[in-house]
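Beneath this line is the structure, given in structure tokens, with notes to follow.
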């Protein structure tokens, strides 16, 4: 087997291992993301199956630090269809996030500043593990949102103009 074909296979397997399951694009519109953190998430078996099927909504989610633990609130993971009601999970239950204590204390000190919040940005597979990226965000004002929309629009127009020539 040649080296080129081996590299092609390894790139394909890495792409397969890092699969994006859900993304909160609305969070990038609503908040200016200052810092991000990759964390594990404590899930039940039916939640894992439902997430892998793509039945998760991060839009209304937020994170809190309670008793030194990072918790994920208001993220809707639909019930798994092929399990009975007795074995299924609660869709909006509070989930524990797994991060190092040093990272949690750093986030907690940043949260004490005015106007900052923790929001889930992306849920993805990393190997066989389900990971979540949370962001430390500051809420945008209406004029900030308009300004970012204008910047996006001008960047899009310049890209289109350059592609014509």
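Points worth noting:
- Of the listed requirements (1) surrounded by fewer than 12 Cβ atoms within 10 Å (Cβ to Cβ); (2) within 19 Å of residue 19 (Cβ to Cβ); (3) touching a strand residue (DSSP E or B) at 6+ places or on another chain (Cβ under 9 Å), residue 127 misses just one: (3).
- Of all residues in the range 34-50, those satisfying the criterion of being buried (at least 16 other Cβ atoms within 10 Å of the Cβ) and in contact with a strand residue (DSSP E or B) (Cβ under 6 Å, 6 or more places away or on another chain) are 37, 39, 41, 47, 50.
- The listed residues are 64, 136, 98, 58, and the only one of them that is farther than 23 Å from residue 31 by Cα and either touching a strand residue (DSSP E or B) at 6+ places or on another chain (Cβ under 6 Å) or buried (at least 20 other Cβ atoms within 10 Å of the Cβ) (or both) turns out to be 98.
A short reminder: the numbers here are calculations on the coordinates, not readings from a lab. Source: prediction; values computed, not measured. Neighbour counts run over all protein chains shown; Cβ positions are idealised from the backbone, glycine included.
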